[in-house]
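Written out below as C-alpha cells is the structure these notes cover.
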Amino acid sequence: TAAPTPSAAPTGTPSTPGTPSATPTAGAVPPAAPAAVQAKANELGQVPVFMYHRIMKHPEASLDRSTKELYAELTRLATSGYYPVTAAEFASGRLDVPLGKHPVVLTFDDSTPGQFSLDARGGPAPDTAVAIIQQVAREHPGFRPVATFYCNEDLFGLGARSAEGLRWLIANGFEVANHTVSHPDLRTLSKAGVQKEIAGMEDKLVALTGRHTTTFAYPFGSIPHNRAWAQREDGRYSFQIVFLAGWKPSESPFDKVFDRWAATRIRSEGKIAENDCRTFCSTAWLDWLDDHPRERYTSDGDPGTVTFPRAFEKRLAKPFRPYARAY
C-alpha cells in the first residue's frame with residue numbers, strides 16, 4: 001500500500017482509548033476555556049511520533065542519525081513548542097502538556113549503545129541520545145527530557161550493567177518497552193513463535209526492572225497474521241498500544257479513527273532527493289505541520305478535558321464526549 005501524502009485524511013480503525021485524569025460532567029459539548037481558545041487548542045490534531053534507530057557520530061546506514069543531526073532535530077522541536085511525552089503516556093490519554101504546546105513522542109528502536117550507555121559514575125555517557133536529550137532540555141527549559149526505548153535482547157551493550165542502566169532510565173522518566181528478543185519479522189512466525197519472542201523479552205525486562213512494559217513496537221513494522229498475538233498473552237504481557245514503523249504522524253488518541261493496535265510513526269531523516277523521505281520523513285512532516293498548524297495537536301493545558309475547534313467535533317471518539325470542550 002502506498003503511503004499517503006502529508007495532507008491525506010487520517011485513516012484507521014476505531015479503538016477504545018484510556019481516559020483523561022479528571023471526569024467532567026457529561027452532556028452537550030460545553031465551551032472551551034478562554035485561555036484554550038486564545039492558544040488555538042486542538043486536541044484532535046495529529047501527533048508526531050518519531051522513530052529513531054542507531055545514533056552515531058558518523059552514520060553508516062540510511063536509518064542512522066548522527067549526534068549532530070539528533071541535536072539539531074531536538075533543538076528544532078524545542079524551539080517550535082513541542083513537549084515530549086512517553087509512548088505509555090500517549091496511549092493512556094493522560095496528556096499533561098502545557099497550554100499551547102504540542103506533544104511529541106520520541107521512540108528509539110533496537111536498544112543500541114549510541115542511544116544509551118553508562119559512564120563510570122553511573123550517568124548517561126556523552127554523545128548518546130539520552131545525553132543529547134538532556135542537553136537540549138537544559139538549553140531549552142520546558143522541553144521535557146523523556147523518550148521511549150524499544151528494547152531487544154542486547155540491551156544497549158550494557159552487559160553486566162543492564163539492570164543498573166534500565167533502572168537509571170526508569171528513575172529519570174524514560175520508558176523501557178518491548179521490541180522482541182531477536183527482532184524477527186513477526187509475519188513469518190506462528191502464534192507460538194510470536195508469543196515466544198515477545199514474552200521472552202518481557203520476562204527479561206521484568207527480571208531486570210521489576211516491572212512489566214506497557215507498549216510494543218513491531219520489528220520492521222511487520223504485523224503477524226493475527227495481530228492479537230502481539231497485543232497480549234495472559235500472564236505474560238499486555239500492551240496498551242502497538243506501533244508500526246515510520247510513515248506519518250499519529251492521529252490524536254481522542255480521534256475516532258485512532259487505531260492503538262496499528263499506531264503510526266515517522267522516521268527521523270532529512271529530505272533526501274534519492275528517496276521518499278523528501279516527502280514522508282521527519283523533516284518534511286515537521287515542515288508540513290508548521291504550514292498546517294490547524295492540523296497539529298495543540299494542548300489546552302488541562303489533562304482532564306479535550307478541547308478542539310467545533311469544526312473538528314465529528315472526529316471525536318464517543319468515549320471522550322463527556323470531556324469535550326469546543327469553540
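The values are calculated or read from the model by the stated rules, or taken from the named source; none is laboratory data. What you see is a predicted model; the values in this text were computed from it and never measured. Glycine gets a Cβ as well: all are built from the backbone with ideal geometry, and neighbour counts include every protein chain shown. These area figures cover heavy atoms from the full protein model, side chains too; ligands, DNA and RNA do not enter into them. Shrake-Rupley method; radii C 1.70, N 1.55, O 1.52, S 1.80 Å.
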Study note, to complete from the structure: Those residues of region 218-247 which are at pLDDT 95 or above and under 16 Å from Ser268 (Cα atoms) amount to Phe220, Gly221, Phe243, Leu244
**Study point:** Exclusive hit being modelled with pLDDT of 95 or more and either open to solvent by 10 Å² or more (accessible area, probe 1.4 Å) or within 25 Å of the chain's Cα centre (by Cα) (or both), set Pro59, Pro34
**Key:** Pro34
Check your understanding: Out of curiosity, is Thr180 open to solvent by 50 Å² or more (accessible area, probe 1.4 Å) and among the β-branched types (Val, Ile, Thr)?
Key -> no
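Could we say that Ala273 is more than 21 Å from His102 (Cβ to Cβ) and modelled with pLDDT of 95 or more here? Reasoning before the result, please.
Details: more than 21 Å from His102 (Cβ to Cβ): yes; modelled with pLDDT of 95 or more: no.
No; evaluated as a whole, the condition is false for this residue.
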**Study point:** Residues of region 201-212 satisfying the condition of being in a helix (DSSP H, G or I), surrounded by fewer than 16 Cβ atoms within 10 Å (Cβ to Cβ) and not aliphatic (A, V, I, L, M)
**Key:** Asp203
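One line per residue, one yes/no per condition, for (1) assigned to a helix (DSSP H, G or I); (2) without any contact (Cβ under 8 Å) to a residue 40 or more places away in the chain; (3) farther than 24 Å from Asp287 by Cβ:
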{"residue": "Gly122", "(1), (2), (3)": "no, no, yes"}
{"residue": "Gly142", "(1), (2), (3)": "no, no, no"}
{"residue": "Phe149", "(1), (2), (3)": "no, no, yes"}
{"residue": "Val181", "(1), (2), (3)": "no, yes, yes"}
Revision key, fill the gap. Checked region 279-327 for anything of a type in the set (Gly, Ala, Ser) and assigned to a helix (DSSP H, G or I); matches are Ser282, Ala284, Ala311
Exercise for review: Could you please find all residues in region 283-327 being outside the structural domain of Val97 (by the TED database), more than 21 Å from the chain's Cα centre (by Cα) and of a type in the set (Asp, Glu)?
Suggested key: Glu313
Exercise for review: State whether the residues of region 213-221 include one that is exposed (fewer than 14 other Cβ atoms within 10 Å of the Cβ) and in a loop (DSSP other than H, G, I, E, B).
Suggested key: no
**Study point:** Pairs, first in the same structural domain as Ile133 (by the TED database) and closer than 11 Å to Thr209 by Cβ in region 151-177, second open to solvent by 70 Å² or more (accessible area, probe 1.4 Å) and assigned to a loop (DSSP other than H, G, I, E, B), C-beta under 9 Å, six or more apart
**Key:** Ile170/Arg211; Val176/Arg211
